[in-house]
Each structure stands twice: as C-alpha cells, then as structure tokens.
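Worksheet: one structure, shown below.
The values are calculated or read from the model by the stated rules, or taken from the named source; none is laboratory data. Note that this is a predicted model, so its numbers are computed, not measured. So basically every Cβ, Gly included, is an ideal-geometry build from the backbone, and we count neighbours across all protein chains shown.
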C-alpha cells in the first residue's frame, strides 16, 4: 500500500521536519508514515521491550529501543524495536546517549500491523541487513508466525509453538518460544 | 490472516478431497483456501504466463503453469505461477504430462492479493527453496515492488522502474523490468 506518500524531498529536508505521530520514514526520496499501532502490535512491542531489556541488564550487553529513528544509507527508518549492543550506542561528550542515531541497529524487530505493507517492512529489514544488522525478525501477529531474516542467508519461517526464535550471538542465552511471544496477546 | 482453516487432516485425506475454487493448500495439517483473485493479480498472472511461455518456447527450455498443484515435503501448494524446466516435467507412459506434480517447481512466482497473508505466501516460497526451487518472486502489485528469494541467500528488494528482475540460470536471457511488469496493470 503506497499510502501517505507526500512528495519527493532530500533526506536533509526530511530530517528538518517536525516528527509526526505515528513516525514517518524516509525511503528513496519519499516520506511514508507508519500505521497507527493497534492492540496486538502494541502489546507485543511493549512486552518484548521489557523482556529484552530485563535480559540485557543482567550483563549490560545491549539495549532495546522502541520507535527509535535510525538514519543510515540514505534512508531514515523507525523500526518497532531496535537493539544496539552497549558499546555501539552513540554518546555525546557527557557520556550520554545522543538523540540522532546514524547507524544500523544490531538487531531489528518489526511487528506487522493489519493495514501495513509487508513489502515496505521487509524492505526496511533488508536495508538494515545490508548495513551491518545481524538479525531481523518480522512478527506476524495475525498469522502467529515469525519470519527471521539473516545477512547473506535465506530467511527462515517459524510457526510452531515450541520453536525457539533465533537471536544474534551477543544475545545467545535469550530464549523466547513462539508460544511465549503470542501468549502476551492473552494479557 | 488464519482464515478459512477447516480442520486438521492428513495430506492423503486432503488430496482425496474435491478441488475448490479458489484452490486450497495443505500446510502442517491445515487446509487454507487461497483468496479469490482480483483484477491486478489476474492481469499480472495472465500476462506473465504469456511472456514466460512465449520466451520458453523459442528454445523449448521450460514451461510456466498457472495454478498448478505441487505436492512435496508434506505440503500441497498451488503457486500463482510454477515454472518447470522441460526435462523435469513429469510424464506418463504415453509421454504426456501427468496430473499430479510431486516435485518443487524450478521457479516459483506469487502475486500478493490485498487480502492475502504475506506470511503464508512467504512460507510457501521458503518451502519451495528448501526443496530445490532455484528462485522465488513475490510480486506486490499495490507497492509496485518485487521481493526476490534465493536459496541460501538473503532476499533482494526491487522497486525501481528500470530494475531488471533476476531470473534462474536456465532462463537467463528473459528480461523483465519492473516497469514492464507493472505497465501490464494499465492494460
């Protein structure tokens, strides 16, 4: 669905615009606004952020960010969840996290909304993989399945309750089954 | 969308059932009916079949089939277009094409319908690649883009009018740009 395309502008012009809600992304000269998150999307995003950050804080290895703008490779995207290893998180002179991330996440997670184009989301995941991201998850809440994208490898499809989802090496003891993931929908 | 699931049966029981319209597919014990094809889907499927078979007939190298049931790896799927190299097309004792194909196509092409789950279609393409298929196209008419799936490799995304779509080696001089493909929608 090529909805919400405004006009062709440069990435510099795009970044100077005020942020929108939901966030807008910049791809190939076009601005595309993300769909308004709905129930299933929101629950999974929220619970996954908690699960990931609870795990990451044990050994201070990484951090998961919801809706973080990442600008790299002439695109500006806002993944549902971006995970960065701690040493890659850009900091300012005071040692504090910067506002503008100009690198690809180490791990990108997208949750498909019913009215969202899977083409656009997949394109964003492939753009990440082409710029150093180690793993991409595309969660399909309505299909109870997860497509996992790897750099330089064929994607894999997970749909059994007992499947343990693959994670990047730096998070290798983070275990989440499809059942854990989709049970969050039951609250 | 996990719609149109009937009940859990064996693949043998499934294959004994009468065919439906649109065709039904068998995956992991479940029967899922394909969506009713609409305008954009139908035009692209029809024109692509003509373009491919016109090209293949020059050197008798392959054949493109619309809506052909292919049963392999404990699944029974009906890709929008299945391409088989001529020597792989199963024949009966009279040298005629058989009715039941129990092998994976050499090249599989799916055209996403607006109400179709991209998860299910992607799953079918990956099932093909895991069983010997050399290339998979997932055409998104509403997004004017094509996702190309390769065995053992990261998928690639095509969205520029001048992009020439990758084809399997056996069809290497078949040239189709995105512009050619989506111009068919203009009739």
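Being surrounded by 13 or more Cβ atoms within 10 Å (Cβ to Cβ) and farther than 26 Å from residue A:169 by Cβ narrows it down to one of A:77, A:81, A:43, so name that one. Result of the check over A:77, A:81, A:43: A:43. Taking the criterion of being touching a residue at least 60 places away in the same chain (Cβ under 8 Å) and farther than 28 Å from residue A:20 by Cα, the residues of the range A:53-87 that qualify are A:55, A:56, A:61. Within the option set B:34, B:40, B:12, being farther than 17 Å from residue B:86 by Cα and in contact with a helix residue (DSSP H, G or I) (Cβ under 7 Å, 6 or more places away or on another chain) holds for one residue only, B:40. Please enumerate the residues belonging to the range B:126-156 that are under 20 Å from residue B:71 (Cβ atoms) and more than 9 Å from every other protein chain (Cβ to nearest Cβ). Selection gives B:128, B:131, B:132, B:133, B:134, B:136.
Here residue A:34 clears all of (1) under 15 Å from the mean Cα position of the chain (by Cα); (2) farther than 19 Å from residue A:186 by Cβ; (3) at pLDDT 95 or above except the condition numbered (3).
Is it true that residue A:80 is touching a strand residue (DSSP E or B) at 6+ places or on another chain (Cβ under 6 Å) and farther than 23 Å from residue A:9 by Cα? Please lay out each step first, then the result.
Details: touching a strand residue (DSSP E or B) at 6+ places or on another chain (Cβ under 6 Å): yes; farther than 23 Å from residue A:9 by Cα: yes.
Judged against the criteria, residue A:80 is a match.
Which is on the phi < 0 side of the Ramachandran plot, more than 17 Å from the chain's Cα centre (by Cα) and more than 9 Å from chain B (Cβ to nearest Cβ), of A:110, A:179, A:159? Walk me through how you get there before you give the answer.
Working: A:110 fails: more than 17 Å from the chain's Cα centre (by Cα); A:159 fails: more than 9 Å from chain B (Cβ to nearest Cβ).
None of the others qualify; the one that does is A:179.
Of the strands (runs of 3 or more DSSP E) contained entirely in the range B:96-187, those carrying at least 1 residues that are touching a residue at least 24 places away in the same chain (Cβ under 8 Å) and surrounded by 19 or more Cβ atoms within 10 Å (Cβ to Cβ) fall at B:107-111, B:135-140, B:145-149.
So, residue A:79, is that one in a loop (DSSP other than H, G, I, E, B) and facing chain B (nearest Cβ under 8 Å) or not? Before the answer, list the steps.
Values: in a loop (DSSP other than H, G, I, E, B): yes; facing chain B (nearest Cβ under 8 Å): no.
So residue A:79 fails the test.
Can you say whether residue B:37 is closer than 18 Å to residue B:171 by Cβ, assigned to a loop (DSSP other than H, G, I, E, B) and more than 14 Å from every other protein chain (Cβ to nearest Cβ), as far as the supplied structure shows? When the stated conditions are applied, residue B:37 does not pass them. Taking the conditions (1) assigned to a loop (DSSP other than H, G, I, E, B); (2) touching a strand residue (DSSP E or B) at 6+ places or on another chain (Cβ under 8 Å); (3) over 29 Å from residue B:9 (Cβ atoms) in turn, residue B:52 satisfies each one other than (1). Restricting attention to the range A:84-95, the residues that are surrounded by 12 or more Cβ atoms within 10 Å (Cβ to Cβ) and part of a loop (DSSP other than H, G, I, E, B) add up to 2.
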